[in-house]
């Protein structure tokens, strides 16, 4: 059974998980509202390994959330993952961040729309069926009163993520279910990472870059 370290840093949630055979065996998270990744990430990595009497040489792969999301958060997570993969000579597995958010809705009927806050009235979003098949590609979009109407008119739609509050404020629909203050987590990475590891669905460590979706603009 593969032992995989899972890193999720695409939002303010600094999340580190340890998975074995597709099951999560340890988790550390900090979502205090600030980006604590630079201070917390490697501390959490050490803690989940020590908790299971392991060290980095016992890892079979590193999985990382690839984006979209925070430029700074993604850069820290991916840089750490690549550094570990280089030093340990093990595979790098990338997982789309919105896939992880959608996984939090497992078992609910209808359509899943994960959305992450971008800027102003903009979000990063994708559309999934309850079987997790992607119905619409990931994109950055500006929300308005007609956003997602085609899905809302035909089915119950679950909106999840830190971009949800923006949409709830401007659009009401009887089929809309809002799951606010939900963040992507390493908790949902274990099963996906193990599946991709078994398929050898890995990245070129030298050339892999986060999926920023939009160019970085300094504040």
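Just a few scattered comments:
- Candidate set: segment 107-118, residues that are assigned to a loop (DSSP other than H, G, I, E, B) and in contact (Cβ under 8 Å) with a residue 12 or more places away in the chain; chosen: the one surrounded by the most Cβ atoms within 10 Å (Cβ to Cβ): 118
- Residue-level check: of (1) part of a loop (DSSP other than H, G, I, E, B); (2) touching a residue at least 12 places away in the same chain (Cβ under 8 Å), residue 196 misses just (1).
- Remark: residue 174 falls outside the filter, which requires a residue to be in a loop (DSSP other than H, G, I, E, B) and under 30 Å from residue 2 (Cβ atoms).
- Residues located in segment 174-184, provided they are more than 22 Å from residue 11 (Cβ to Cβ) and surrounded by fewer than 13 Cβ atoms within 10 Å (Cβ to Cβ): 174
- Segment 9-30, subset closer than 21 Å to residue 74 by Cβ and out of contact with any helix residue (DSSP H, G or I) (no Cβ under 7 Å at 6 or more places or on another chain), residue surrounded by the fewest Cβ atoms within 10 Å (Cβ to Cβ): 29
- Given (1) more than 23 Å from residue 206 (Cβ to Cβ); (2) touching a strand residue (DSSP E or B) at 6+ places or on another chain (Cβ under 8 Å), number of the condition residue 63 does not satisfy: (1)
- When segment 31-57 is filtered for residues that are surrounded by fewer than 23 Cβ atoms within 10 Å (Cβ to Cβ) and at pLDDT below 95, the ones remaining, listed by number, are 31, 32, 33, 34, 35, 36, 38, 39.
- In segment 123-145, of all residues being over 18 Å from the mean Cα position of the chain (by Cα) and surrounded by 14 or more Cβ atoms within 10 Å (Cβ to Cβ), the one that is farthest from residue 213 (Cα to Cα) corresponds to 143.
- Among the residues of segment 143-192, those that are touching a residue at least 60 places away in the same chain (Cβ under 8 Å) and in contact with a helix residue (DSSP H, G or I) (Cβ under 6 Å, 6 or more places away or on another chain) comprise 161, 175, 184, 188.
- Candidates 215, 131, 144, 194, filtered to the one that is out of contact with any strand residue (DSSP E or B) (no Cβ under 8 Å at 6 or more places or on another chain) and modelled with pLDDT of 95 or more: 131
- Residues of segment 148-172 that turn out to be closer than 20 Å to residue 69 by Cβ and buried (at least 17 other Cβ atoms within 10 Å of the Cβ), as a count: 9
The values are calculated or read from the model by the stated rules, or taken from the named source; none is laboratory data. All values derive from a computational prediction rather than experimental measurement. Note that we place each Cβ from the backbone using ideal geometry, even for glycine, and neighbour counts take in every protein chain shown.
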